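Every read-out reported here was derived from the displayed coordinates using simple, explicitly stated rules and does not represent laboratory data. Note that the structure is predicted; figures quoted are calculated from it, not measured. Here Cβ is always computed from backbone atoms with ideal geometry, including for glycine, and neighbour counts include all displayed protein chains.
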Amino acid sequence: NAGVTQTPKFQVLKTGQSMTLQCAQDMNHEYMSWYRQDPGMGLRLIHYSVGAGITDQGEVPNGYNVSRSTTEDFPLRLLSAAPSQTSVYFCASSYRGTSGSGEQFFGPGTRLTVL
Amino acid sequence: GDSVTQMEGPVTLSEEAFLTINCTYTATGYPSLFWYVQYPGEGLQLLLKATKADDKGSNKGFEATYRKETTSFHLEKGSVQVSDSAVYFCALRNFGNEKLTFGTGTRLTIIP
């Protein structure tokens, strides 16, 4: 099992550019989510999905879009990058509800810099 | 809403010292509590967890006890090693809800 994979590992964008951060998992987890990590702020939830075709907003969704066409993939789109979106982005997945251990599995992260 | 308050860092200790990182929480319902660890350049990984009051989670010499009366889940280790240097996050997950609420993280550095 590869677990949760994320690409790219690093990315530099100019203000106004768009891009997609890729996330995939091979554990058949229903729940997937995106977080951003900023110094002194911990991890903040951007968007999440409880299954294919279902997505919802988290704590800081503005400027980001997601879709979930398959169980395995959950890409995060930056529509028009801004310097405030400079951060480290983590994708995570888990089983739903009381299934499994309740543990969320995290990818290695994407470090994004917006100039 | 749910929230987690963690001890401010950074924390610097000498090898073999005793470690405590404080964590308190506010939640409706009956949350599960977690400690995640992030080593340099990596994603988060689960260190330990507890799912109900008075449960003790333990792993790699770390322990934390779910204290409902004080709404706390403090992380402890009796003798830290240089390899324990990392950022530690306390988190909660409410019953029937997959969302994790994180504390701000505590950076721990162990010096030889």
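Volume per residue of the convex hull around the Cα atoms, evaluated for the range B:54-112, comes out as 107 Å³. Give the value in nm², to one decimal: projected area of the alpha carbon convex hull of the protein assembly as shown, averaged over all directions. Hull-based average projected area comes out at 12.2 nm². Counted over the range B:1-63 with a bin width of 10 Å, the fraction of Cα pairs per bin, in whole percents, is 16, 48, 31, 5.
Any idea what the relative contact order of the range A:24-72 is, in percent, if you count C-alpha pairs under 8 Å spaced at least 6 apart? Reported as a whole number, the value is 34 percent. Given A:Ser93, A:Gly107, A:Pro39, which one lies farthest toward the positive end of the charge dipole of chain A, if we put +1 on the Cβ of every Lys and Arg and -1 on the Cβ of every Asp and Glu? Farthest towards the positive pole: A:Pro39. Stokes-Einstein, applied to the Kirkwood radius of chain A over Cα pairs at a viscosity of 1.567 mPa s and 4 °C, places its translational diffusion at 92 µm² s⁻¹. Take the Cβ atoms of B:Asn59 and A:Thr7, set R0 to 22 Å, and the FRET efficiency comes out at 0.15. A Stokes-Einstein calculation at 20 °C with viscosity 1.002 mPa s, built on the Kirkwood radius of chain B over Cα pairs, returns a diffusion coefficient of 153 µm²/s.
With 26 Å as the limit on Cα-Cα distance, the pairs of A:Lys14/B:Lys99; A:Lys9/B:Lys60; A:Lys9/B:Lys56; B:Lys52/B:Lys77 that go past it are A:Lys14/B:Lys99; A:Lys9/B:Lys60; A:Lys9/B:Lys56.
Residues of the range A:52-84 with an amide N closer than 20 Å to a point placed 7 Å from the Cα of A:Gln22 along the Cα-to-Cβ direction: A:52-53, A:65-79.
Using a cutoff of 8 angstrom between alpha carbon atoms and counting only pairs six or more residues apart, the relative contact order for chain A works out to 35 percent. Peptide B:39-52 shows a mean partner chain C-beta count of 3 within 10 Å per residue C-beta.
To the nearest 0.05, what FRET efficiency results for B:Asn22 and B:Asn97 with a Förster distance of 25 Å applied to their C-beta separation? According to the calculation, E is roughly 0.55. Averaged over the residues of A:33-41, the number of partner chain Cβ atoms lying within 10 Å of the residue Cβ comes to 3. The relative contact order of chain B, computed from alpha carbon pairs under 8 Å that lie at least 6 residues apart in sequence, is 37 percent. Counting Lys and Arg as +1 and Asp and Glu as -1 over every other residue whose Cβ lies under 15 Å from the Cβ of B:Gly1, the net charge comes to +1. Projection of the Cα convex hull of the range A:37-94, averaged over all directions and equal to a quarter of that hull's surface, yields 4.2 nm².
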